[in-house]
Amino acid sequence: MTDLELLEARAHKWHLDGQPVRTLDDARVFLESVGFCLMYPTRPAILAPTFIGAWVGADDKLPARQHAYADPRATEATELMVRALREKSAYEAPLIDENNAFLLAASVFPYFYSLVGERNPKQPPASGPRSPYSPLACDAFEIIRRSGPISKTKLGEMLGGSVSNAGLDRALSELWAKLRITRVDYTAAEGSVWDELSRWAPEVVREGVGISMPEALSGLVSKYLECVVAVDEADVETFFANFVARTRVREAIHALLSARELSFIHVGSKSLLQVTPPKQVYIPKPRPQRVS
């Protein structure tokens with residue numbers, strides 16, 4: 001494989017080849033094919049597809065998250081993304097920037113939950129010296145549990161007028177980081193709508209809790225390799241270092257190599273990781289019968 005062939009393979013898989021994702025059916029197929037994507041490109045760039053790129057059908061002059069408000073393409077792509085969230089074809093999680101959605105296909109999300117979600121989601125969060133949750137986050141969670149799905153605006157009103165917008169954002173981020181809550185809708189009038197994830201998608205959470213962390217990481221690494229076609233091992237570690245330790249990623253890669261589920265392919269002068277292609281079984285052609 002040449003460098004150009006690799007770029008062309010990614011462009012085809014990521015719908016950057018003039019074949020845009022415009023319908024809900026298109027979005028389902030795209031998300032299941034790539035497994036996960038960002039909503040907008042990032043700086044520095046992360047090696048992953050973007051939903052806005054797939055919607056546009058190209059990667060030229062795509063808006064960054066900071067400038068999306070002024071780009072009508074971003075508005076239309078966001079509407080399609082929200083439709084996918086509503087029908088649970090996709091799930092959203094924080095990765096680097098909580099304002100730049102990290103979208104995961106429904107089939108992939110349980111593996112991600114196994115890595116970063118609470119192992120006992122029925123136990124409500126509690127604040128404390130070693131807890132990742134502030135008292136405000138715990139209060140917000142109880143309101144979401146009782147009243148959700150609920151908009152951020154309404155949640156702020158129920159918490160009391162003294163809560164600042166920045167403080168509420170931090171509280172929601174703490175809950176979202178451990179997948180206690182998820183964004184399930186968005187309206188122009190009230191903004192994001194939140195619900196308790198284990199109520200919104202109980203089957204997905206149960207599946208995620210039942211997956212071991214090594215199995216989850218192996219599954220996600222394999223899906224990432226499918227998504228990017230071929231990649232350097234260091235780039236795999238860089239991507240997953242956003243939510244898991246590099247040493248564990250390295251262990252998962254080496255285990256998959258030992259099991260021959262991953263292999264190396266030469267791309268130009270580089271040796272890159274890929275999902276091992278299925279073996280082609282040789283079926284001999286039948287010999288023509290002699291006519292006596």
For segment 2-49, the count of residues that are in a loop (DSSP other than H, G, I, E, B) and on the phi < 0 side of the Ramachandran plot equals 20
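ASP3 - would you say it is modelled with pLDDT under 95 and either loosely packed, with under 15 Cβ neighbours inside 10 Å or over 21 Å from GLU92 (Cβ atoms) (or both)? Talk me through it step by step, then tell me what you get.
Details: modelled with pLDDT under 95: yes; either loosely packed, with under 15 Cβ neighbours inside 10 Å or over 21 Å from GLU92 (Cβ atoms) (or both): yes.
Spelling it out, ASP3 is indeed modelled with pLDDT under 95 and either loosely packed, with under 15 Cβ neighbours inside 10 Å or over 21 Å from GLU92 (Cβ atoms) (or both).
Considering each residue of segment 230-255, count those that are assigned to a loop (DSSP other than H, G, I, E, B) and among the aromatic types (Phe, Trp, Tyr), and give that number. Write out each step before concluding.
Going through segment 230-255, the residues assigned to a loop (DSSP other than H, G, I, E, B) turn out to be 230, 232, 241-245.
Those left that are additionally among the aromatic types (Phe, Trp, Tyr): 243.
Of the residues in that region, 1 qualify.
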Options ARG146, ARG119; residue that is closer than 25 Å to ILE96 by Cβ, surrounded by fewer than 18 Cβ atoms within 10 Å (Cβ to Cβ) and outside the structural domain of PHE243 (by TED's automatic domain parsing): ARG119
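Rundown of residues vs (1) modelled with pLDDT of 95 or more; (2) not small (Gly, Ala, Ser), yes/no style:
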{"site": "ARG183", "(1), (2)": "no, yes"}
{"site": "TYR186", "(1), (2)": "no, yes"}
{"site": "VAL193", "(1), (2)": "no, yes"}
{"site": "VAL205", "(1), (2)": "yes, yes"}
{"site": "GLY208", "(1), (2)": "yes, no"}
{"site": "GLU215", "(1), (2)": "yes, yes"}
Count of segment 86-105 residues which are surrounded by 14 or more Cβ atoms within 10 Å (Cβ to Cβ), assigned to a loop (DSSP other than H, G, I, E, B) and in contact (Cβ under 8 Å) with a residue 60 or more places away in the chain: 7
Looking only at residues in segment 106-158 that are of a type in the set (A, V, I, L, M) and outside any helix (DSSP H, G or I), which one is nearest to VAL184 (Cα to Cα)? ILE150
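Just to be sure before I move on: is PRO135 modelled with pLDDT of 90 or more and farther than 22 Å from TRP14 by Cα in the structure I sent?
Details: modelled with pLDDT of 90 or more: yes; farther than 22 Å from TRP14 by Cα: yes.
So PRO135 passes the test.
Every residue, every condition in (1) surrounded by fewer than 18 Cβ atoms within 10 Å (Cβ to Cβ); (2) charged (D, E, K, R), yes or no:
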| position | (1), (2) |
| --- | --- |
| LEU197 | no, no |
| GLU207 | yes, yes |
| VAL221 | no, no |
| CYS227 | no, no |
| VAL236 | no, no |
| PHE240 | no, no |
| ARG248 | yes, yes |
| LEU256 | no, no |
| GLY268 | yes, no |
Looking only at segment 37-50, decide whether some residue is charged (D, E, K, R) and at pLDDT below 95. yes
Just wondering, is there one or more residues in segment 130-139 that are under 24 Å from the mean Cα position of the chain (by Cα), crowded, with 17+ Cβ neighbours inside 10 Å and either without any contact (Cβ under 8 Å) to a residue 60 or more places away in the chain or assigned by TED's automatic domain parsing to the domain that holds LEU31 (or both)? yes
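If you scan segment 18-68, which residues turn out to be charged (D, E, K, R) and under 22 Å from VAL236 (Cα atoms)? Please lay out each step first, then the result.
From segment 18-68, those charged (D, E, K, R) are 22, 25-26, 28, 32, 43, 59-61, 65; that's our starting set.
GLU32, ARG43, ASP59 - these are the residues of segment 18-68 that are charged (D, E, K, R) and under 22 Å from VAL236 (Cα atoms).
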If the Cβ limit is 8 Å and pairs must be 6+ apart or interchain, which residue in segment 64-79 that is under 10 Å from ILE52 (Cα atoms) and not assigned by TED's automatic domain parsing to the domain that holds ALA188 pairs with which residue that is among the aromatic types (Phe, Trp, Tyr) and surrounded by 15 or more Cβ atoms within 10 Å (Cβ to Cβ)? none
State whether one or more residues within segment 72-85 are surrounded by 21 or more Cβ atoms within 10 Å (Cβ to Cβ) and part of a loop (DSSP other than H, G, I, E, B). no
Which one of these does ALA58 not meet: (1) touching a Gly at 6+ places or on another chain (Cβ under 8 Å); (2) exposed (fewer than 14 other Cβ atoms within 10 Å of the Cβ)? (2)
In this structure, does ALA171 turn out to be without any contact (Cβ under 8 Å) to a residue 40 or more places away in the chain and either over 15 Å from the mean Cα position of the chain (by Cα) or over 19 Å from LEU95 (Cα atoms) (or both)? yes
Conditions: (1) within 28 Å of PRO124 (Cβ to Cβ); (2) at pLDDT 95 or above; (3) of a type in the set (A, V, I, L, M); (4) not assigned by TED's automatic domain parsing to the domain that holds LYS88. ALA252 meets all but one. Number of the miss? (1)
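The values are calculated or read from the model by the stated rules, or taken from the named source; none is laboratory data. Remember, predicted model here, so these are calculated numbers, not experimental data. Every residue, glycine as well, gets a Cβ built from its backbone with ideal geometry; the counts of neighbours run over all protein chains shown.
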